[in-house]
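Okay, here's the structure, questions in a sec.
The values are calculated or read from the model by the stated rules, or taken from the named source; none is laboratory data. Predicted model, so just to flag it, every value in this text is computed and none were measured. Glycine gets a Cβ as well: all are built from the backbone with ideal geometry, and neighbour counts include every protein chain shown. Heavy atoms of the whole protein, side chains included, go into the accessibility calculation; ligands, DNA and RNA do not. Shrake-Rupley method; radii C 1.70, N 1.55, O 1.52, S 1.80 Å.
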Amino acid sequence: MRNRLKVLRAEHGWTQQDLGDRLGVSRQAVNALETEKHDPSLDLAYRIAAVFGRPVEDIFDNPHA
Amino acid sequence: MELASAKGTNAHKKYLLRTMAFMGGYVAINAAAITGAFDDIGRTAGLALGLVVAAPVAGQIWATLALMGESDEFMRALLAKRFIVASGLAMAIACAWGFMESYGDAPHVPAWMIYPLFWALFGIVSPFIRTSR
(Lines give C-alpha, C1' and ligand atoms only; values in the text may rest on other atoms or scores of the structure.)
Protein backbone atom coordinates (compact mmCIF):
# COMPACT_ATOMS: atom_id res chain seq x y z
CA MET A 1 0.00 0.00 0.00
CA ARG A 2 1.45 3.38 -1.04
CA ASN A 3 2.31 5.54 1.95
CA ARG A 4 4.31 8.50 3.26
CA LEU A 5 5.88 6.60 6.13
CA LYS A 6 9.49 7.07 5.04
CA VAL A 7 9.05 10.83 4.55
CA LEU A 8 7.31 11.28 7.89
CA ARG A 9 9.92 9.19 9.65
CA ALA A 10 12.71 11.25 8.09
CA GLU A 11 10.97 14.49 9.15
CA HIS A 12 11.11 13.25 12.73
CA GLY A 13 14.72 12.12 12.38
CA TRP A 14 13.87 8.59 13.40
CA THR A 15 15.51 5.39 12.25
CA GLN A 16 13.37 2.41 11.29
CA GLN A 17 14.27 0.90 14.66
CA ASP A 18 13.16 4.10 16.46
CA LEU A 19 9.79 4.02 14.71
CA GLY A 20 9.46 0.29 15.27
CA ASP A 21 10.05 0.79 19.01
CA ARG A 22 7.35 3.47 19.11
CA LEU A 23 4.92 1.24 17.23
CA GLY A 24 5.75 -1.98 19.07
CA VAL A 25 6.87 -3.76 15.90
CA SER A 26 10.20 -4.93 14.50
CA ARG A 27 12.52 -2.87 12.30
CA GLN A 28 11.80 -5.40 9.56
CA ALA A 29 8.10 -4.61 9.81
CA VAL A 30 8.76 -0.87 9.39
CA ASN A 31 10.96 -1.57 6.40
CA ALA A 32 8.27 -3.81 4.88
CA LEU A 33 5.68 -1.05 5.34
CA GLU A 34 7.91 1.57 3.73
CA THR A 35 8.75 -0.65 0.76
CA GLU A 36 5.11 -1.71 0.34
CA LYS A 37 5.84 -5.34 1.13
CA HIS A 38 3.27 -5.38 3.90
CA ASP A 39 -0.20 -3.88 4.15
CA PRO A 40 -0.78 -2.90 7.78
CA SER A 41 -3.71 -4.16 9.79
CA LEU A 42 -6.26 -1.54 10.81
CA ASP A 43 -4.85 -1.64 14.34
CA LEU A 44 -1.29 -0.96 13.16
CA ALA A 45 -2.45 1.75 10.75
CA TYR A 46 -4.14 3.55 13.66
CA ARG A 47 -1.04 3.13 15.82
CA ILE A 48 1.05 4.71 13.05
CA ALA A 49 -1.46 7.55 12.74
CA ALA A 50 -1.31 8.12 16.51
CA VAL A 51 2.51 8.17 16.56
CA PHE A 52 2.61 10.85 13.85
CA GLY A 53 -0.47 12.69 15.12
CA ARG A 54 -2.16 12.56 11.72
CA PRO A 55 -5.22 10.86 10.25
CA VAL A 56 -4.64 7.50 8.60
CA GLU A 57 -5.61 8.99 5.21
CA ASP A 58 -2.71 11.45 5.43
CA ILE A 59 -0.24 8.58 5.70
CA PHE A 60 -1.73 5.83 3.54
CA ASP A 61 -3.30 6.23 0.11
CA ASN A 62 -6.74 4.69 -0.01
CA PRO A 63 -6.41 2.13 -2.83
CA HIS A 64 -10.20 1.96 -3.13
CA ALA A 65 -10.93 5.68 -3.35
CA MET B 1 4.18 -0.60 25.59
CA GLU B 2 6.94 -3.18 25.42
CA LEU B 3 9.76 -2.17 23.11
CA ALA B 4 9.65 -4.08 19.83
CA SER B 5 13.37 -4.74 19.85
CA ALA B 6 13.28 -6.21 23.35
CA LYS B 7 10.08 -8.07 22.52
CA GLY B 8 11.61 -9.52 19.36
CA THR B 9 14.84 -10.39 21.08
CA ASN B 10 13.06 -12.14 23.94
CA ALA B 11 10.80 -14.07 21.57
CA HIS B 12 13.75 -15.21 19.48
CA LYS B 13 15.81 -16.11 22.54
CA LYS B 14 12.97 -18.27 23.82
CA TYR B 15 12.56 -19.81 20.37
CA LEU B 16 16.28 -20.63 20.15
CA LEU B 17 16.30 -22.22 23.60
CA ARG B 18 13.18 -24.26 22.81
CA THR B 19 14.59 -25.27 19.42
CA MET B 20 17.87 -26.39 20.97
CA ALA B 21 15.99 -28.42 23.57
CA PHE B 22 13.61 -30.11 21.11
CA MET B 23 16.14 -30.58 18.32
CA GLY B 24 18.65 -31.88 20.85
CA GLY B 25 16.20 -34.58 21.89
CA TYR B 26 15.36 -35.43 18.31
CA VAL B 27 19.02 -35.62 17.24
CA ALA B 28 19.96 -37.68 20.30
CA ILE B 29 17.28 -40.28 19.56
CA ASN B 30 18.26 -40.42 15.88
CA ALA B 31 21.96 -40.66 16.71
CA ALA B 32 21.21 -43.54 19.07
CA ALA B 33 19.15 -45.21 16.33
CA ILE B 34 21.96 -44.83 13.79
CA THR B 35 24.43 -46.45 16.19
CA GLY B 36 22.08 -49.42 16.57
CA ALA B 37 20.96 -48.70 20.13
CA PHE B 38 17.36 -49.67 19.35
CA ASP B 39 17.96 -52.61 17.04
CA ASP B 40 16.89 -55.24 19.56
CA ILE B 41 14.36 -53.42 21.75
CA GLY B 42 11.36 -55.48 20.67
CA ARG B 43 8.00 -54.65 19.11
CA THR B 44 6.29 -52.86 22.01
CA ALA B 45 9.32 -50.74 22.84
CA GLY B 46 9.77 -50.02 19.15
CA LEU B 47 6.21 -48.69 18.92
CA ALA B 48 6.78 -46.59 22.03
CA LEU B 49 10.01 -45.25 20.55
CA GLY B 50 8.01 -43.92 17.61
CA LEU B 51 5.91 -41.86 19.99
CA VAL B 52 9.00 -40.67 21.87
CA VAL B 53 10.66 -39.39 18.71
CA ALA B 54 7.40 -37.66 17.72
CA ALA B 55 7.35 -35.64 20.95
CA PRO B 56 10.22 -33.24 20.08
CA VAL B 57 8.77 -32.86 16.58
CA ALA B 58 5.44 -31.75 18.04
CA GLY B 59 7.34 -29.58 20.53
CA GLN B 60 9.21 -27.83 17.74
CA ILE B 61 5.95 -27.05 15.94
CA TRP B 62 4.61 -25.60 19.20
CA ALA B 63 7.79 -23.50 19.59
CA THR B 64 7.29 -22.14 16.07
CA LEU B 65 3.65 -21.30 16.76
CA ALA B 66 4.69 -19.61 20.03
CA LEU B 67 7.25 -17.51 18.12
CA MET B 68 4.54 -16.50 15.67
CA GLY B 69 2.28 -15.51 18.55
CA GLU B 70 4.99 -13.34 20.09
CA SER B 71 6.05 -11.70 16.81
CA ASP B 72 4.58 -8.63 15.14
CA GLU B 73 2.03 -8.98 12.34
CA PHE B 74 4.57 -8.77 9.51
CA MET B 75 6.92 -11.40 10.93
CA ARG B 76 3.91 -13.58 11.79
CA ALA B 77 2.65 -13.41 8.22
CA LEU B 78 6.12 -14.19 6.83
CA LEU B 79 6.54 -17.21 9.11
CA ALA B 80 3.08 -18.49 8.21
CA LYS B 81 3.75 -18.17 4.47
CA ARG B 82 7.13 -19.88 4.73
CA PHE B 83 5.65 -22.66 6.88
CA ILE B 84 2.80 -23.27 4.45
CA VAL B 85 5.04 -23.31 1.37
CA ALA B 86 7.61 -25.61 3.01
CA SER B 87 4.85 -27.93 4.28
CA GLY B 88 3.21 -28.08 0.87
CA LEU B 89 6.46 -28.84 -0.91
CA ALA B 90 7.40 -31.50 1.66
CA MET B 91 4.00 -33.17 1.29
CA ALA B 92 4.19 -33.00 -2.51
CA ILE B 93 7.66 -34.57 -2.51
CA ALA B 94 6.57 -37.25 -0.03
CA CYS B 95 3.49 -38.12 -2.12
CA ALA B 96 5.53 -38.24 -5.32
CA TRP B 97 8.20 -40.41 -3.72
CA GLY B 98 5.58 -42.77 -2.26
CA PHE B 99 4.12 -43.41 -5.69
CA MET B 100 7.60 -43.75 -7.20
CA GLU B 101 8.36 -46.39 -4.58
CA SER B 102 5.10 -48.23 -5.22
CA TYR B 103 5.12 -48.13 -9.00
CA GLY B 104 8.55 -46.97 -10.16
CA ASP B 105 10.92 -49.10 -8.10
CA ALA B 106 12.41 -46.05 -6.43
CA PRO B 107 14.49 -46.90 -3.34
CA HIS B 108 12.66 -46.88 0.01
CA VAL B 109 12.92 -43.74 2.11
CA PRO B 110 11.61 -43.86 5.72
CA ALA B 111 8.55 -41.68 6.40
CA TRP B 112 10.30 -39.82 9.21
CA MET B 113 12.52 -38.19 6.59
CA ILE B 114 9.67 -35.75 5.93
CA TYR B 115 10.62 -33.85 9.09
CA PRO B 116 14.23 -32.95 8.16
CA LEU B 117 12.98 -32.48 4.59
CA PHE B 118 10.41 -29.95 5.80
CA TRP B 119 13.00 -27.87 7.70
CA ALA B 120 15.45 -28.05 4.80
CA LEU B 121 12.73 -26.73 2.51
CA PHE B 122 11.81 -24.07 5.09
CA GLY B 123 15.41 -22.84 4.96
CA ILE B 124 15.47 -22.92 1.17
CA VAL B 125 12.19 -21.04 0.58
CA SER B 126 12.62 -18.44 3.35
CA PRO B 127 14.97 -16.07 1.45
CA PHE B 128 12.45 -15.99 -1.42
CA ILE B 129 9.40 -15.18 0.70
CA ARG B 130 9.89 -11.61 1.83
CA THR B 131 6.45 -10.03 1.54
CA SER B 132 3.32 -10.67 3.58
CA ARG B 133 1.13 -10.71 0.47
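Tell me, what is the Rg over Rh of the protein assembly as shown, with Rh the Kirkwood radius over Cα pairs?
1.13
Could you work out the mean count of beta carbons from other protein chains within 10 Å of each residue's beta carbon in A:23-36?
Average neighbour count from other chains, rounded to a whole number: 5.
If amide H atoms are built 1.01 Å from N in the plane of the peptide, which residues on other chains or at least 5 residues away come under 5 Å of the amide H of residue A:25?
It is B:4, by chain and number.
Here is a follow-up. According to a simple spin-label model (label point 7 Å from Cα along Cα-to-Cβ), what is the distance in nm between residue B:112 and residue A:58?
6.1
Per DSSP helix of 4 or more residues, -39500 (n - 2.57); summed, then divided by the residues of the protein assembly as shown. What does that give at 222 nm, rounded to the nearest 500?
Rounded to the nearest 500, it is -23500 deg cm²/dmol.
Next up: Using θ = phi - 60° and the Karplus relation 6.51 cos²θ - 1.76 cosθ + 1.60, list the HN-Hα couplings for region B:71-77 in order, rounded to whole Hz, with x at every Gly or Pro.
8, 6, 5, 5, 5, 5, 5
Tell me, what % of the accessible area of region B:8-133 is carbon and sulfur with a 1.4 angstrom probe?
Here carbon and sulfur together make up 74 percent of the probe-accessible area.
I want to check the label-to-label distance for residue B:51 and residue B:84. Put each point 7 Å from Cα in the C-beta direction and report it in nm to one decimal.
Here the modelled spin labels are 3.4 nm apart.
Based on the Cβ-Cβ distance from residue A:36 to residue B:40, what FRET efficiency comes out when R0 is 45 Å, to the nearest 0.05?
In this case the efficiency is close to 0.15.
Separate question: Would you kindly calculate the mean projected area, averaged across all directions, of the convex hull enclosing the Cα atoms of chain A, in square nanometres?
3.9
Now, a different point. For A:40-51, what's the mean count of beta carbons from other chains sitting within 10 Å of each residue's beta carbon?
For peptide A:40-51, the averaged partner shielding equals 1.
Ok, one more. Express the relative contact order of chain A as a whole percentage, based on alpha carbon pairs under 8 Å and six or more residues apart in sequence.
Relative contact order of chain A: 41 percent.
Sticking with this one: Using a Förster radius of 25 Å, what is the FRET efficiency between residue B:128 and residue B:9 based on their Cβ-Cβ separation? Nearest 0.05, please.
It comes out at approximately 0.45.
If DNA, RNA and ligands are ignored and the probe is 1.4 Å, what is the ranking of B:115, A:46 by accessible area, most exposed first?
A:46, B:115
Here is a further query. Ordering B:83, B:74 by accessible area with a probe of 1.4 Å, largest first, what comes out?
B:83, B:74
How about residue B:13: which aspartates and glutamates have a C-alpha closer than 19 Å to its C-alpha, ignoring those fewer than 8 places off in the same chain?
Within the straight-line cut-off, residue B:13 pairs with A:21, B:2, B:70, B:72, B:73.
Another question about this same structure. Ignore the peptide's own chain and count Cβ atoms of other chains within 10 Å of each Cβ in B:75-84; give me the average, rounded.
2
On to the next question. Report the one residue of A:14, A:33, A:52 whose Cα lies farthest in the direction of the positive end of the charge dipole of chain A (charges on C-beta: Lys and Arg +1, Asp and Glu -1; origin at the Cα centre).
A:14
A further question on this structure: Ignoring ligands, DNA and RNA, what accessible area per residue does region B:1-103 give at 1.4 Å, in Å²?
Computed with neighbouring chains in place, this is 61 Å² per residue.
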